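Trainee: Quick one: the structure is below, questions incoming.
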């Protein structure tokens, strides 16, 4: 029965192809996890040394200011030390993020509004002045289960991509709101846009939206949103020389949403 034999062969080929893709994805994930944990391990010691150095510098400087009857917080060196401390804390947070890749992150029911505002406050002070930040946050949004350190990493990647897409300046707008059983974050810029043919490619390793970088940011962002938080992230809208909007959807209760054809259909709904 040739038709039956052909059907069996097609099924076998389909199963073999799926198994090959799964195996390759597993190998890639194993490599990602290994690189991330090794990076966290290598960064740990020098960061600890820098933090000890900062503590010693702060102590020595405080003694000098006390003898001169000057307040630490208002001195120029004191302000510099404060900035140094914030950047060291940032490095420590980055190391913590890398160490969490591949492991099951701790989810806490926290305010996503606070997570977004904390990220934007840090990034805005380190962004060129020709970039205007605006935000629109719906009132009375309930806290949702998420890992704040990892979600801040996702927001940081989207904001940095948006800034790089606007070399001559522009507007970066963040809109946090609720759609049915999901909390939705839209990050919109007025940059160069992303061609439709690259909307899915940009989430693959090595594909960068920037002139510099390794093309890992959006890959990690998708992993964090989809695997750790059971949400979705996609290019919601993009138009050449007019801008791009990325959309993140997070389930309000942290429930896993199965990616059936029906689930994908609802993901496309506004």
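Trainee: Can you figure out the FRET efficiency of residue 177 with residue 114, using R₀ = 25 Å and their beta-carbon distance, to the nearest 0.05?
Mentor: It comes to 0.95.
Trainee: Does anything in segment 109-131 have its amide N under 11 Å from the 7 Å Cα→Cβ label point of residue 93, and if so which residues?
Mentor: 115-124
Trainee: Report the calculated FRET efficiency for residue 19 and residue 83 (r = Cβ-Cβ distance, R0 = 51 Å), to the nearest 0.05.
Mentor: 0.45
Trainee: With label points built 7 Å along Cα→Cβ from the Cα atoms of residue 239 and residue 135, find their separation and express it in nm.
Mentor: About 2.7 nm separates the two model spin labels.
Trainee: Roughly speaking, what is the stretch gain from residue 227 to residue 197, that is 0.36 nm per residue apart minus the C-alpha to C-alpha distance, in nm to one decimal?
Mentor: Here the answer is 8.4 nm.
Coordinate-derived values only; no laboratory data. Bear in mind that the values here come from a model prediction, so they are computed numbers and not experimental data. Positions of Cβ are generated from backbone atoms using ideal geometry, with glycine treated the same way; all protein chains shown enter the neighbour counts.
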